[in-house]
Amino acid sequence: MPTDPFKNLDPTQKVKVLPRHLAGPGFVDPRTVWAFPFSKGWPFAQVEDGTAAAFSPCLRLQTTYGPQPHTPSKGTWTVSAHRAPSSPAVWQMRFDATTPVELLQDLHIELFDLYLEDRHSDRDWLFEDETAAQETYVPLLARGWNHRVKTDGTQTFLAADGLVGVRHRYATTGSPQPSWQVWGGHLSEPLWQARFSRGTPTTLVAALTASLISTEPLRRTADEVPRPTRSHLYLATPVTQQSPAVPPLTPLPPGPSTGRSL
């Protein structure tokens, strides 16, 4: 039976863990997750219960965080893109608040880069992304993920441990279902989920999957790691165990002198 590598650790012990998809959300801070220059015109607001929102200066990008601590997902992160500030969203991304924050941060870094490219180009890159879908899943196949295609226009990629997956609805035009779906844990009862509506730039999905399979370990305290899948994690760096206190040795009494006196 698999053992729990965290069993004998102090709950506050800091560790580095892999794989990323089972590490838990970590410390949630919207300002850190949203890699935006708030000192340069990006509005940010957060209220006492933790609910937060941020916007691009043109108001075409809108991001929110809504904590719901008493639900399994613990809340929702959203990102939506609009052609005009008051127009309906063209595309939207939604993430459970239990998603590892490092995955979200890497995605938002890519989002900000895409925003800058859009801003300084004649093309509308927020809505005309040309990234091929293969950019998202070829790295997964290179890592040995399983691939299954169904006749309903969906393809699913699963890691060898069966505890992380990506589903792509590539031929379901007009469907209300998300174009891409990513989850950690078992799909029937996931630790976290991410959903990307049709029209979401593929480069953003690729940023999430690239972060997902990164071998850079995530920093957590032992009590931040979800218990249901702890036996599937491993400590990426040795953890120094504190030795039990040993009383100081009593010095031996001086023995008879065997040398000459000077």
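Restricting to the stretch 1-33, and then to whatever is open to solvent by less than 20 Å² (accessible area, probe 1.4 Å) and either touching a His at 6+ places or on another chain (Cβ under 8 Å) or without any contact (Cβ under 8 Å) to a residue 40 or more places away in the chain (or both), can you tell me which residue is farthest from Arg219 (Cα to Cα)? By that ranking, first place goes to Pro30.
Would the stretch 134-144 turn up any residue that is of a type in the set (Asp, Glu), surrounded by 14 or more Cβ atoms within 10 Å (Cβ to Cβ) and touching a helix residue (DSSP H, G or I) at 6+ places or on another chain (Cβ under 7 Å)? Outline the logic, then answer.
If we filter the stretch 134-144 for residues that are of a type in the set (Asp, Glu), which is where we start, we get 135.
Pick out the ones that are also surrounded by 14 or more Cβ atoms within 10 Å (Cβ to Cβ) and you get 135.
Next cut, touching a helix residue (DSSP H, G or I) at 6+ places or on another chain (Cβ under 7 Å) only: 135.
The answer is yes, given that some residue of the stretch 134-144 is of a type in the set (Asp, Glu), surrounded by 14 or more Cβ atoms within 10 Å (Cβ to Cβ) and touching a helix residue (DSSP H, G or I) at 6+ places or on another chain (Cβ under 7 Å).
So that you can scan it fast, the table gives a plain yes or no per residue for (1) touching a strand residue (DSSP E or B) at 6+ places or on another chain (Cβ under 8 Å); (2) in contact (Cβ under 8 Å) with a residue 24 or more places away in the chain; (3) not in a loop (DSSP other than H, G, I, E, B):
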| site | (1), (2), (3) |
| --- | --- |
| Ser86 | no, no, no |
| Phe95 | yes, yes, yes |
| Asp106 | no, yes, yes |
| Phe112 | no, yes, yes |
| Ser121 | no, no, no |
| Ala132 | no, yes, no |
| Val138 | no, no, yes |
| Leu141 | yes, no, yes |
| Gly144 | no, no, no |
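Can you say whether Leu61 is more than 15 Å from the chain's Cα centre (by Cα), within 13 Å of Trp34 (Cβ to Cβ), open to solvent by less than 30 Å² (accessible area, probe 1.4 Å) and touching a residue at least 60 places away in the same chain (Cβ under 8 Å), as far as the supplied structure shows? Taking the combined requirement at face value, the residue satisfies it. Within the bounds of the stretch 34-45, is there any residue that is outside any loop (DSSP other than H, G, I, E, B), among the basic types (Lys, Arg) and surrounded by 17 or more Cβ atoms within 10 Å (Cβ to Cβ)? No, the conditions are met nowhere in the stretch 34-45.
Among residues of the stretch 66-84 that are more than 18 Å from Pro100 (Cβ to Cβ) and hydrophobic (A, V, I, L, M, F, W, C), those with a Cβ under 9 angstrom from a residue that is part of a strand (DSSP E or B) and open to solvent by 20 Å² or more (accessible area, probe 1.4 Å), sequence gap 6+ or separate chain, pair up as Ala81/Gln62; Ala81/Ala89; Ala81/Val90; Ala81/Gln92. With respect to (1) in contact with a helix residue (DSSP H, G or I) (Cβ under 9 Å, 6 or more places away or on another chain); (2) open to solvent by less than 10 Å² (accessible area, probe 1.4 Å), the lone exception for Gly153 is condition (1). One residue alone among Leu208, Leu233, Leu204 is of a type outside the set (S, T, N, Q), at pLDDT 95 or above and closer than 16 Å to Val164 by Cα, and that residue is Leu208.
Condition check ((1) among the acidic types (Asp, Glu); (2) modelled with pLDDT of 95 or more; (3) closer than 21 Å to Thr98 by Cβ) across all residues:
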| position | (1), (2), (3) |
| --- | --- |
| Pro11 | no, no, yes |
| Asp29 | yes, yes, yes |
| Ala35 | no, no, yes |
| Ser39 | no, no, no |
| Pro43 | no, yes, no |
| Thr51 | no, yes, yes |
| Phe55 | no, yes, no |
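Among the criteria (1) over 23 Å from Leu22 (Cβ atoms); (2) open to solvent by 30 Å² or more (accessible area, probe 1.4 Å); (3) not acidic (Asp, Glu), the one Pro67 does not fulfil is (1).
Quick grid of which residues meet (1) polar (S, T, N, Q); (2) modelled with pLDDT under 95:
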| position | (1), (2) |
| --- | --- |
| His70 | no, no |
| Thr76 | yes, no |
| Thr99 | yes, no |
| Glu117 | no, yes |
| Glu130 | no, yes |
| His147 | no, no |
| Gly165 | no, no |
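Gly50 meets each of the listed conditions (1) part of a loop (DSSP other than H, G, I, E, B); (2) open to solvent by 40 Å² or more (accessible area, probe 1.4 Å) apart from (2).
Going residue by residue through the stretch 109-126, is there one that turns out to be within 23 Å of Glu216 (Cβ to Cβ), surrounded by 16 or more Cβ atoms within 10 Å (Cβ to Cβ) and either in contact with a Gly (Cβ under 7 Å, 6 or more places away or on another chain) or polar (S, T, N, Q) (or both)? Within the stretch 109-126, none of the residues are within 23 Å of Glu216 (Cβ to Cβ), surrounded by 16 or more Cβ atoms within 10 Å (Cβ to Cβ) and either in contact with a Gly (Cβ under 7 Å, 6 or more places away or on another chain) or polar (S, T, N, Q) (or both).
The values are calculated or read from the model by the stated rules, or taken from the named source; none is laboratory data. Because the structure is predicted, anything quoted here is derived from the model rather than measured. Backbone-built Cβ (ideal geometry, glycine too); neighbour counts: all protein chains shown. To get the accessible areas, we keep the full protein, side chains included, count just its heavy atoms, and leave off ligands, DNA and RNA. Shrake-Rupley method; radii C 1.70, N 1.55, O 1.52, S 1.80 Å.
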